[in-house]
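Notes for the one structure printed next.
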Amino acid sequence: MRRIAEARRRRHLQNGGRRDMQHRKVFKVMNMPYIKPELRKQLEPELQKYLEKVRYIALCEHKKHAESLGQLNSIGYETIAKILTYSFFKTLKEFYEFTNWYYKGDVDKILCSVQDEFHRRCVHPHEDTAKQRNGDI
């Protein structure tokens, strides 16, 4: 697994930071599952509570450190990254720790799908806006 991840990272850097289609062949990345509205209604209130809690913790942690630096103008994105990493790990461990190796491979597929979906919905529109504002390279 480590060799595959390193090879994927090398290809990513060789392509100027753009994702190539090769990793899709290796991992057979599944599409982001679009859940039914009924399930979404059940999950959404709890997810909103969780997101508010993460935001609150990040702000509190950031204020502790930022007061000494005089930088109170932003949310603590480093703390958010740590909380999300911890949360993702605990969630994946909860559901996949005691499965066989085949299902543990799904974790890579899940994380790749999340990353691809985030890039498609959040990063690419930002790049398109910057391209319109500044012109293409």
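The values are calculated or read from the model by the stated rules, or taken from the named source; none is laboratory data. The model shown is predicted, which means the values in this text are computed figures rather than measured ones. Every residue, glycine among them, receives a Cβ derived from its backbone with ideal geometry; neighbour counts consider all protein chains shown.
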Exercise for review: Exactly one condition in (1) at pLDDT 90 or above; (2) surrounded by 12 or more Cβ atoms within 10 Å (Cβ to Cβ) is not met by residue 104; state its number.
Suggested key: (1)
Point to revise | Candidate set: the range 63-78, residues that are out of contact with any helix residue (DSSP H, G or I) (no Cβ under 8 Å at 6 or more places or on another chain) and not in a helix (DSSP H, G or I); chosen: the one modelled with the lowest pLDDT | key: 73
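To keep it simple, each residue is scored yes or no on (1) exposed (fewer than 10 other Cβ atoms within 10 Å of the Cβ); (2) touching a Pro at 6+ places or on another chain (Cβ under 7 Å); (3) of a type in the set (D, E, K, R); (4) modelled with pLDDT of 60 or more.
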| site | (1), (2), (3), (4) |
| --- | --- |
| 5 | no, no, no, no |
| 8 | no, no, yes, yes |
| 15 | no, no, no, no |
| 26 | no, no, no, no |
| 32 | no, no, no, no |
| 48 | no, no, no, yes |
| 61 | no, no, yes, yes |
| 94 | yes, no, yes, yes |
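Restricting to the range 120-137, what's the tally of residues that are within 20 Å of residue 35 (Cβ to Cβ) and surrounded by 11 or more Cβ atoms within 10 Å (Cβ to Cβ)? So that I can check it myself, show each step before the final result.
Taking the range 120-137 and keeping what is within 20 Å of residue 35 (Cβ to Cβ), we get 120-122.
If we keep only those that are surrounded by 11 or more Cβ atoms within 10 Å (Cβ to Cβ) as well, we get 120.
Of the residues in that region, 1 qualify.
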